[in-house]
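For reference, the structure I am asking about is given below.
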């Protein structure tokens with residue numbers, strides 16, 4: 001069966017032994033065996049990847065509202081008190097700031113201190129549409145993160161399904177190997193009697209015992225794989241499977257023509273996310289180009305209280321900032337954004353071609369698995385009939401014990417291959433739908 005390598009399982013078991021996963025979950029687990037959907041829902045709640053993606057969405061939303069907030073007026077209540085050691089507010093040679101202009105400039109007087117409280121309002125009027133472009137970029141980023149989360153859900157569903165059917169296959173394989181062991185044990189018991197009666201050779205008995213020992217080794221190997229798969233499912237779902245059993249109650253999706261799946265790849269969440277990332281890059285490029293434009297802003301004050309008392313009540317300051325030379329920083333940022341736009345376009349094109357390749361490969365694998373399963377079903381019938389005939393011929397003295405053992409081995413090997421191929425076909429069908437982005441989880 002096309003699964004993870006044994007070395008990966010060993011590394012996983014080692015990592016789990018250090019992490020000490022506990023069976024603590026806030027999810028109500030239904031009584032009885034767990035189906036694929038229940039395991040998937042448990043995996044969703046215990047997936048750090050999905051949790052990180054949810055935080056990415058919140059970060060993008062916060063940046064969007066920051067961009068929106070930058071175009072809204074800023075209202076503050078300001079209070080200032082000036083303490084001086086000589087008459088007169090400022091000397092004629094002191095620098096003048098925008099606050100000085102709004103305060104009416106420096107004024108002489110005999111007082112050594114001054115207190116002012118005012119309502120200050122700042123409003124950006126024009127900035128080359130940078131804020132609107134930035135807000136649109138973050139809005140596209142929000143949609144991209146949401147689409148990517150949907151894709152992560154689909155991939156998690158595939159991972160859970162893969163492990164789910166691994167466990168079912170290994171459990172059925174152990175039961176099938178148990179049948180093989182029982183059948184060989186019956187052959188050994190019968191041969192022991194025949195050897196004592198002189199009707200069979202000791203070599204035939206040793207051959208049967210060798211087959212029995214080999215079946216016991218295989219059982220232990222499969223049991224080890226089952227334990228590793230159970231640990232992986234525990235890692236995904238956050239619960240121990242020891243008190244639970246799995247059941248295959250999942251209705252598999254139907255099959256369509258290849259062209260149908262290829263037509264659906266454009267709706268894959270990761271492709272939709274890449275489209276939104278491209279839009280975000282274009283908006284960020286527009287925001288960078290907007291830095292060449294002048295920035296116009298207005299600032300006003302309404303004076304609530306002044307000491308010494310003044311007759312002024314309000315003032316307004318209009319500011320125009322036109323960048324003439326900044327050492328090439330603006331053009332460098334524009335060049336960076338252009339490169340990011342091109343990069344996003346290439347990533348989108350690559351993803352589209354990859355999605356097309358994934359669907360074609362998954363479709364071919366599914367057809368191959370289904371064809372092999374059909375052939376193995378026919379081979380299983382033939383092997384079963386051959387085993388029955390060899391057993392009857394052995395009783396008649398026509399066939400040897402070696403012929404019976406070989407027929408039994410061929411029958412059970414075929415059944416094991418058929419079992420693995422049935423699980424492969426189920427997983428390949430799910431992988432086909434996930435490749436086309438058709439599983440809405």
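Does the range 345-368 include one or more residues that are more than 30 Å from residue 427 (Cβ to Cβ) and in a helix (DSSP H, G or I)? First the steps, then the outcome.
So in the range 345-368, the residues more than 30 Å from residue 427 (Cβ to Cβ) come out as 345-346.
Imposing the further condition that a residue be in a helix (DSSP H, G or I) reduces the set to 345-346.
There is at least one residue in the range 345-368 that is more than 30 Å from residue 427 (Cβ to Cβ) and in a helix (DSSP H, G or I).
Taking the range 384-420 as the search range and keeping residues that are in contact (Cβ under 8 Å) with a residue 60 or more places away in the chain and closer than 30 Å to residue 162 by Cβ, which one is surrounded by the most Cβ atoms within 10 Å (Cβ to Cβ)?
Quick first cut of the range 384-420, residues in contact (Cβ under 8 Å) with a residue 60 or more places away in the chain only: 400-402, 404-405, 408-409, 412, 415-416, 419-420.
So of that shortlist, the ones also closer than 30 Å to residue 162 by Cβ come out as 409, 412, 415-416, 419-420.
Details: 409: 18, 412: 21, 415: 20, 416: 19, 419: 20, 420: 23.
Once the filter is applied, the top-ranked residue is 420.
Here's another thing I want to ask about it. Does residue 193 satisfy the criteria of being surrounded by fewer than 20 Cβ atoms within 10 Å (Cβ to Cβ), assigned to a loop (DSSP other than H, G, I, E, B) and either at pLDDT 90 or above or out of contact with any strand residue (DSSP E or B) (no Cβ under 8 Å at 6 or more places or on another chain) (or both)? First the steps, then the outcome.
Working: surrounded by fewer than 20 Cβ atoms within 10 Å (Cβ to Cβ): yes; assigned to a loop (DSSP other than H, G, I, E, B): no; either at pLDDT 90 or above or out of contact with any strand residue (DSSP E or B) (no Cβ under 8 Å at 6 or more places or on another chain) (or both): yes.
No, not satisfied.
Among the numbered criteria (1) touching a residue at least 40 places away in the same chain (Cβ under 8 Å); (2) in contact with a strand residue (DSSP E or B) (Cβ under 6 Å, 6 or more places away or on another chain), which one does residue 316 miss?
Unmet condition: (1).
Next question. Got a number for residues in the range 293-320 being outside any loop (DSSP other than H, G, I, E, B) and within 22 Å of residue 123 (Cβ to Cβ)? Before the answer, list the steps.
Going through the range 293-320, the residues outside any loop (DSSP other than H, G, I, E, B) turn out to be 295-307, 314-320.
Adding the requirement that they be within 22 Å of residue 123 (Cβ to Cβ) leaves 295-304, 314-320.
Total meeting the criteria: 17.
I'd like to know if the range 321-329 contains one or more residues that are part of a strand (DSSP E or B) and under 50 Å from the mean Cα position of the chain (by Cα). Before the answer, list the steps.
The first filter runs over the range 321-329 and keeps only residues part of a strand (DSSP E or B), leaving 321.
Checking which are under 50 Å from the mean Cα position of the chain (by Cα) leaves us with 321.
Checked the range 321-329: at least one residue is part of a strand (DSSP E or B) and under 50 Å from the mean Cα position of the chain (by Cα).
Need a quick list: helices (runs of 4 or more DSSP H) entirely within the range 1-87 having at least 1 residues that are at pLDDT 80 or above and surrounded by 15 or more Cβ atoms within 10 Å (Cβ to Cβ). Full working, then the answer.
On the way: elements: 6-19, 36-45, 48-69.
Here the list reads 36-45, 48-69.
One residue is enough: does the range 366-383 have a residue meeting the conditions surrounded by fewer than 18 Cβ atoms within 10 Å (Cβ to Cβ) and at positive phi?
No, the range 366-383 contains no residue that is surrounded by fewer than 18 Cβ atoms within 10 Å (Cβ to Cβ) and at positive phi.
Of all residues in the range 403-419, count the ones that are in contact with a helix residue (DSSP H, G or I) (Cβ under 6 Å, 6 or more places away or on another chain) and closer than 20 Å to residue 194 by Cβ.
Number of matching residues: 5.
Now for a separate question. Scan (1) within 30 Å of residue 141 (Cβ to Cβ); (2) free of Cβ contacts under 8 Å to residues at least 40 places away in the same chain; (3) within 28 Å of the chain's Cα centre (by Cα); (4) surrounded by 14 or more Cβ atoms within 10 Å (Cβ to Cβ) for the single condition residue 350 breaks and write down its number.
The one condition residue 350 does not meet is (4).
Residues in the range 200-243 that are more than 26 Å from residue 412 (Cβ to Cβ) and either in a loop (DSSP other than H, G, I, E, B) or touching a helix residue (DSSP H, G or I) at 6+ places or on another chain (Cβ under 7 Å) (or both): how many?
If we filter the range 200-243 for residues that are more than 26 Å from residue 412 (Cβ to Cβ), which is where we start, we get 231-243.
Of the ones still in play, those that are also either in a loop (DSSP other than H, G, I, E, B) or touching a helix residue (DSSP H, G or I) at 6+ places or on another chain (Cβ under 7 Å) (or both) are 231-233, 235-243.
Here the count works out to 12.
The values are calculated or read from the model by the stated rules, or taken from the named source; none is laboratory data. Quantities reported herein were computed from a predicted structural model and do not represent experimental measurements. With ideal geometry, Cβ positions are generated from the backbone for all residues, glycine too; neighbour counts draw on all protein chains shown.
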